[in-house]
Amino acid sequence: MGKKGLAEEVSPHFGRAPTFTVYDTATKLVQVLENTSEHMGGSGKPPEELARNHVDVMLCSGLGPRAVRMFESYGIRVFAGATGTVHDAIDLFNEGILQEATEETACKMHRHERR
């Protein structure tokens, strides 16, 4: 939700999060990226930006099936159910509590019915 890195709260809506916190598990370095996607008035999609920053796993509260497919197309695995701070989300991931997102398990509120 902001620039506090590991101490920042996880956004309830991934695509509209103002920032993305990138944590390198090997070096323990933290980088906060501005969300410059079209959701925020810029261009491109969040998966493109994260792929450019060498992200291979993304943790979030939830996201829709289209976003899951986009992340998969970039080789980024998505795990949903993150709550609390970014640090809390990493702990939940390390404990195996977060569920890997698929089209079937994607957030229901992001599904759009075809008519």
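Compared with the rule-of-thumb size 2.2 N^0.38 Å for a compact globular protein, the chain has a Cα radius of gyration ratio of 1.00. Summing charges over all other residues whose Cβ lies under 15 Å from the Cβ of LEU6, with Lys and Arg as +1 and Asp and Glu as -1, gives -2. Partners of LYS28 within straight-line reach, counting aspartates and glutamates whose Cα lies under 18 Å from its Cα and excluding those fewer than 8 residues away in the same chain: GLU8, ASP56, ASP88, ASP91, GLU95. Estimated from helices alone, the mean residue ellipticity of the chain at 222 nm is -6000 deg cm²/dmol (sum of -39500 (n - 2.57) over DSSP H runs with n ≥ 4, per residue).
Other residues whose C-beta falls under 13 angstrom from the C-beta of ASN53 contribute a net charge of -4, scoring Lys and Arg +1 and Asp and Glu -1.
Just so you know, all these numbers are worked out from the coordinates, no wet-lab data involved. These numbers come from a predicted model, not from an experiment. Here the Cβ is made from the backbone with ideal geometry for all residues, glycine too, and neighbour counts use every protein chain on show.
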